[in-house]
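Report on one structure; see the data block that follows.
The values are calculated or read from the model by the stated rules, or taken from the named source; none is laboratory data. Note that this is a predicted model, so its numbers are computed, not measured. Reconstructed Cβ throughout: ideal geometry from the backbone, glycine too, with neighbour counts over all protein chains shown. The area values use the complete protein model at the heavy-atom level, side chains included, leaving out ligands, DNA and RNA. Shrake-Rupley method; radii C 1.70, N 1.55, O 1.52, S 1.80 Å.
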Amino acid sequence: MKLKAKDFQTDQDVRWCPGCGDYSILANVQRFLPTLGSGQHNYVFVSGIGCSSRFPYYMNTYGFHTIHGRAPALATGIKTANPDLSVWMISGDGDALSIGGNHLIHALRRNLDIVLLLFNNRIYGLTKGQYSPTSEVGKVTKSSPFGSVDQPINPITLALGANASFVARTLDIDAKHSLEIFAEANEHRGTAFVEIYQNCNIFNDGTFSSVRERATKPDNQLVVEHGKPLIYGKEQDRGIALSAGGAELISFEPGDEDKAIAAGVTVYDRHNRLHAHALAEIDRTPGFPVPMGVFYQEQRETFDGIMQRQFHGSDDEKPSEPHDVDATLSDLFQSGDTWMVG
Amino acid sequence: MISNQELAGSGRSARTERNSVIIRFAGDSGDGIQLTGRQFTNESALAGNDIATLPNFPAEIRAPAGTLAGVSGYQIHFGSEEIFTPGEVPDVLVAFNPAALKANLSDVKMGGIIVLNEDAFTDKNLSRVGYEQNPCDDENLKQNYRVFVVPISRLTKDALANTSLTPNEVDRCKNFFALGLMLWMFDRPREATRAWIDKKFKKRPELADANKIALEAGYTYGDATEIFDLSFSVKPADLEPGLYRNINGSTALAYGIVAAAQKSKLSVFFGAYPITPASDLLHELARHKRLGVMTFQAEDEIAAVCAAIGASYAGSLGVTSSSGPGIALKGEALGLAVCTELPLVVVDTQRAGPSTGMPTKTEQSDLLLALHGRHGEAPVCVLAASSPSTAFSMAYEACRIALKYMTPVILLSDGYIANGSEPWQIPDPSSLPEIINRRIDKTNNPDGPFMPYMRDEQSLARPWAVPGTPELMHRIGGLEKQDLSGNVSYDADNHAKMTALRAEKIARIASEIPPIKIDGDDNGEILLLGWGGTEGTLREAQRRCREEGISVSRLHLHYLNPLPADLEPALRKFKHVLIPEINTGQLKSIIRDKFLIDAKGYNAVRGQPLRSSKVVEAIKSLAQPH
């Protein structure tokens, strides 16, 4: 039986505020999973605490709503204990980057084979509107009436710095792009880190309006594709040249990729760390677009794969080889010097 | 013990037979003291003695050489009689330098033997610890003790004159010289040490040879030198028949966990973060990946417990381990394991606190933390090991209960149990209790949705439906559960019911506890009640009282939550209940609180095991009230 999006929905009422970007992300995930052809029981959604972390309750899969910031650690145990599971970790900017920052960087460097979706709305929603680690400097909130004093974290550069093997960004309401990124993330073996710009219409409405509004999006969003030049703009007449020195905006005659390349626009290589770091930083400079897509991807051994190999002795050997348990234990107990009394 | 008279008058010709002897090796933490002590222990165990050991080392790995801060010690109590503790007053002190003498002299039995490494008693080392006179020449010292001044470093150097080793490498062999000398003095074999050296220095045969030469040189020195007019023999102890090995608490804990993995036919996932004195459990388990234990060195204590919980959720048995500071950090995650009712074993190898406290020193001060150290009403099962041997059985028991009841179990050990060693009667694996678990692969509610919180009637354990099982998809988490369905619920009556159910489930574990066994009369004047690593001390105190004609009964608890159902009536049969603890009275508070029994405490928080002599004093003061 072919599964449909509704097969991944639970009977629980979804309790996000009406208009929240989380609804879009939930719908996108529920649309995506049936395309993979695997039964619901093979998925585990694991989350921390926050608005985003209610996500597992709404997925008709296995789900674990854990404690604040610790979802990467729980996911490590789940995936390592049973590598056959498809583990999806759901987190937010506060959960993943503030209280759970340590676990996030270690999950990324470990390269645990999971998909990690970070819903970034640049605000604490569930606790009713304090500034978050991705809030801009000077942001006025209940807990920062004179403006936030902290520099924001860029989740993409953090992930790259933590040696993530897959780093991407997409947008809550862009279903087409989200599904493309989910497919890439799911295909990737290792921690697939996906930042999702998500609008909190109650406490931080419009924070991503430049890329969410139909009118402004084309001139503010750069859709990154591997092997393609970095071109954007309503007229597709602007591009980015990446170098060790940073990024440069280039204008050219629209309509032709060759012209863009000739003008110096970079053909993006997602396996190139220099490209990834430079691209991740471009929107620090006013006038530069926000990149969306896969920033970086490399293939390397997964944590759970290495653990399983050490555990079983080899890749082929199966875990539950029948053996004489009591003889095995006797051998262990009697290792070292023993002596007989009586 | 060796009497002063014997020490004074021992002849050279024959060995004096002793029932038990206490030796302490002491030196710089880089002198190989722990290794020397462990080898002496092994040889004594193989000679058939009962033993108890107490390593005592500084937290600094290599404190400045020759300073009091850097003194490391290892005490061995061995005998032909039952040995309950590492002893309090060494009969023999082997001091590798002035700091080691200064730090340990006051403990040594008056008239006891002191062996000094003369070569380390240099002006510089003497002044560093404030000796104005060289103790090697101190007549006053020689009046009170049998002092043997041996140029250990020089003799080692002479013995190794023909090797190609560097002077530093030669000097590092001196602990084997001292070991050889002590093995001679107490008529121990040397085979196990030789074999150990060969294995340890497999890749450096020249070092293996040098250490064996030093060992032999020390032994021969004792045998041939006129200055040693004392030697002793200690006959094998009268242990219960069986196969034995020497084991320390950390290894025993690890074996208990491995045994649980094997017998339960589940994988164990062990998550830990390095911390003294708990790390040895991680080290030992990391060697046994092929025996069904997957070890994970996490980024921090919280990740260690959370990964273990995740693994339990996915169908393994999650185990985590730490000491007090780490257990404090794990508190929130333990609450999650209580709420989600997943099996989890948490080993707390206690150390002296608060805060960083004294990491290498022992204490029993986490009992209340284990019982209550979580927010909300979050009951867990709490067990305690009392010795290296019981560390094995209680680790196995912790795993068994966690799986049968779908609950976190905290197992309390301590630095003294972890590092101490004793002969272990190797159990027959087929005699270990069966381990059942709550795994299901079919729904428990054929007419409706799967019910993840529909409980087993007797144990109240919920079913364990692990991800990957078709048709049993469900969501769990830290939000309060609706009874049966496990859905999120804020209903007031439901919260009250779930709180009661979680408490009742833990209470029912009491049915697992074997009937209590009182050592001595089951009624009378004084009951000595203990838990954890003080068991040997309390047995020793009881024996001394009996020798003096004071009748004292003794009971040691291994189940702290729930308490044994037959505990209260047993306590009521005594006029006094005395609870000695290495804390300020934690079990005492619990006994008073639960039973309104006017228990008395004897408490000493010195970072050291209790002294049985002090416990005897406490017993006497109760027996003869002023």
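So here's what we get for this one:
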item	result
Estimated FRET transfer efficiency (B:ARG287, B:ILE440; beta-carbon r; R0 22 Å; 0.05)	0.05
Using alpha-carbon coordinates, inclination of helix B:205-224 to the longest axis of chain B, degrees	60
For chain A, built as a Gaussian network whose Cα springs stay under 10 Å, the top-fluctuating residue of A:SER52, A:SER132, A:SER330	A:SER330
On Cα atoms only, tilt of B:33-46 relative to the major axis of chain B in degrees	80
Those aspartates and glutamates that a straight Cα-Cα span of less than 12 Å connects to B:LYS330, excepting residues fewer than 8 apart in one chain	B:ASP300, B:GLU301, B:ASP348
DSSP beta bridges in the protein assembly as shown [antiparallel fraction, %, rounded to 5]	35
Cα→Cβ-extended label distance, 7 Å offset, between A:LYS2 and A:VAL267, nm	3.7
D_trans [Stokes-Einstein, Kirkwood Rh over alpha-carbon pairs] for the protein assembly as shown, 37 °C, 0.692 mPa s, µm² s⁻¹	104
Per residue value of the accessible surface for region B:245-431 (all protein chains in place, 1.4 Å probe), Å²	23
Helix axis angle, A:101-110 relative to chain A longest principal axis, alpha carbon, degrees	70
Solvent-accessible area, 1.4 Å probe, carbon plus sulfur percent, for the protein assembly as shown	49
Most mobile listed residue (A:LEU108, A:LEU126, A:LEU36) in chain A, GNM with C-alpha springs under 10 Å	A:LEU36
Surface per residue (accessible, 1.4 Å probe) for region B:545-597, Å²	43
Region B:4-234 shape via C-alpha gyration tensor axes, a/c threshold 1.5	rounded
Entries of A:LYS142/B:LYS481; A:LYS176/A:LYS234; A:LYS139/A:LYS228; A:LYS79/B:LYS442 with Cα pairs more than 27 Å apart	A:LYS142/B:LYS481; A:LYS139/A:LYS228
Within chain B: Cβ-based charge dipole about Cα centre, in debye rounded to nearest 20 (Lys, Arg +1; Asp, Glu -1)	700
For region B:245-431, alpha-carbon Rg over 2.2 N^0.38 Å	0.91
Between region A:213-276 and region B:486-548, the alpha-carbon center distance in angstrom	70
Cleavage-rule hits, GluC sites (Glu not before Pro), region B:374-441, DSSP coil, Cβ neighbours within 10 Å at most 10	B:GLU434
Spacing of the two label points (7 Å from each Cα toward its C-beta) at B:LYS200 and A:THR216, in nm	7.1
Long-range amide H partners of A:VAL290 with built H, under 5 Å	A:GLN221, A:LEU222
Nearest-0.05 FRET efficiency for B:THR220 and B:LYS124, computed from C-beta distance (R0 45 Å)	0.90
Average other protein chain Cβ within 10 Å of Cβ, residues B:296-306	6
Delta accessible area of at least 30 Å² on complex formation, residues of region A:1-31, 1.4 Å probe, chain isolated as reference	A:GLN12
Rg over Rh, two decimals, chain B (C-alpha only, Kirkwood Rh)	1.02
Paramagnetic reach from B:HIS375 in region B:304-329 [backbone N under 20 Å; point 7 Å along Cα→Cβ]	B:304-307, B:309, B:325-329
Rounded FRET efficiency, nearest 0.05, which uses the C-beta distance separating A:GLN334 from A:GLU187 and R0 of 45 Å	0.35
Cα-centre dipole for region B:245-431 with unit charges at Cβ (Lys and Arg positive, Asp and Glu negative), debye to 20	540
Average partner coverage of B:263-271, which counts Cβ from other chains inside 10 Å	3
Residues in region B:536-563 that a label on B:LYS575 would reach, taking backbone N under 18 Å of a point 7 Å out along Cα→Cβ	B:545-546, B:548-554
Centre separation in Å (Cα based) which lies between region B:138-179 and region B:29-85	18
Pairwise burial A:B, computed as accessible area of each alone minus the pair, summed, 1.4 Å, Å²	5300
List A:VAL149, B:VAL305, ordered by accessible area with a 1.4 Å probe, largest first	A:VAL149, B:VAL305
Sparse-neighbour loop sites [GluC sites (Glu not before Pro); region A:116-225; at most 11 other C-beta within 10 Å; DSSP]	A:GLU213
Residue mean of other protein chain beta carbons inside 10 Å, B:460-472	4
Interface residues in region A:96-133 - accessible area drops by 10 Å² or more relative to the isolated chain, probe 1.4 Å	A:ASN102, A:HIS103, A:HIS106, A:ARG110
For a label point 7 Å along the Cα-to-beta-carbon line of A:ASP84, residues of region B:416-454 with backbone N under 18 Å	B:439-443
Prolate/oblate/rounded call for region B:524-623, Cα gyration tensor, a/c under 1.5 rounded	oblate
Region B:512-588: GluC sites (Glu not before Pro) falling in loop per DSSP and having at most 16 other Cβ within 10 Å	B:GLU548
Whole-Å distance, taken between Cα centres, linking region B:328-398 and region A:3-79	33
Accessible surface, region B:4-234, averaged per residue in Å² (probe 1.4 Å)	41
Solvent accessible area, Å² - B:HIS576, 1.4 Å probe, full protein context	40
